1. In deg cm²/dmol, rounded to 500, what helix-only [θ] at 222 nm does the chain give when every DSSP H run of at least 4 residues adds -39500 (n - 2.57) and the total is split over its residues?
2. How much area per residue is accessible in segment 259-303 when the probe is 1.4 Å and only protein heavy atoms are counted (Å²)?
3. Got a sec to turn the phi values of segment 40-45 into Karplus ³J(HN,Hα) couplings, 6.51 cos²θ - 1.76 cosθ + 1.60 with θ = phi - 60°, whole Hz, x for Gly and Pro?
4. Quick check: convex hull over the Cα atoms of segment 114-252, volume per residue in Å³, rounded to an integer?
5. Counting only protein heavy atoms, what percent of the accessible surface of segment 136-176 is carbon or sulfur at a 1.4 Å probe?
6. For the full complex of protein chains and a 1.4 angstrom probe, list Arg107, Arg33 by accessible area with the highest value first.
7. Sort all Cα-Cα distances of the chain into consecutive 10 angstrom bins from zero, then give the percent of pairs in each bin up to the one containing the longest distance.
8. Once every Cα of segment 176-303 carries one equal point scatterer and solvent is ignored, give the base-10 log of I(q)/I(0) from the Debye formula at q = 0.11, 0.12, 0.14 Å⁻¹, two decimals.
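The values are calculated or read from the model by the stated rules, or taken from the named source; none is laboratory data. Given the structure is predicted, the values throughout are model-derived calculations rather than measurements. Positions of Cβ are backbone-derived with ideal geometry, glycine not excepted, and every protein chain shown enters the neighbour counts. Side chains are part of the model used for accessible areas, which takes the heavy atoms of the whole protein and leaves out ligands, DNA and RNA. Shrake-Rupley method; radii C 1.70, N 1.55, O 1.52, S 1.80 Å.
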Amino acid sequence: MTLFSIINFVLALVSAPLLPGVINRTKAFFAGRRGQPLLQTYFDLWKLLRKGAVYSRTTTWVFRAGPMIGLACVIVAAAITPFGGARAMAGFSGDLLLLAYLLGLMRFFTVLAALDTASPFEGMGASREVQFSALAEPALLLGLAAIARTTGSFSLSGMFPALDGADWAQTGPALLLVAAALFVVFLAENARIPVDDPNTHLELTMIHEAMVLDHSGPDFAFILYGAALKLWVLGAFLAGILLPVRTGIGALDTLVAWLAMLVLAAGVGVVESTMARLRLLRVPRLLVGAVLLSGLAFVLLLR
């Protein structure tokens, strides 16, 4: 663990809520509107943390524990995620498997909290969430396995900081396939268009938002912050693949990676502004396509 490892972890905790603001401002630009302030998510979190939480009499401790456990999982995931060419604060060999388990555990308790409300509407959203995640997780693991094959390391901190221009010169097509697959996973895991619409309130089409409607106050703040941090974690992998700048100057590498995250968030806003959400029956096809892309990249790297 180095000084920049700690700095990058703190940067993730502080900067993560900025990404939804960039996405919303990009969408507002395409719609010809001024849009929300870039720091709107920070304002929302501060407002929610000062409010009280309301709990149904039918819920148990599972409903209250869901947001806290989910937030704890994604914070640990951020601690093992490298950024800007520096090793992660808590990286170790095999941590790529822990990353998948942490994201799965976060989803598991979110689903449990939704089911604990005994609401058929939230149960419907939980069912869709589990179905799509079962297809997104293999794409993520195969993509990480392809990067591990490229770099010869089984640790996230050994994989992404080791990527550079030479790897793109040798295995560019495979890395491009991995980046495309991880971008689909990035959109699916963060409930973005074309998989889900975070701004919809149409009951029959909601997925992630349907599971968190009964949360309020600090619990909902934990969910919003956890979602922003998850956006940062998965985006860091994409930025590490598509823009592997390794100057040897820690501050400069971190700055370039941070700017790449903002560009990625703007790219998500462009995607959501230029295409419609897919029908629910077609979402599995998209995710299966991501699995095939990751699998093809892994096969190419085995040659």
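1. Rounded to the nearest 500, the figure is -23500 deg cm²/dmol.
2. Accessible area per residue, segment 259-303: 56 Å².
3. 4, 4, 4, 4, 5, 4
4. Considering the Cα atoms of segment 114-252, their hull volume per residue is 133 Å³.
5. 62 percent
6. Arg33, Arg107
7. In whole percents, the pair-distance histogram is 6, 27, 36, 23, 6, 1.
8. After summing over all Cα pairs, the log10 values are -0.48, -0.56, -0.74.
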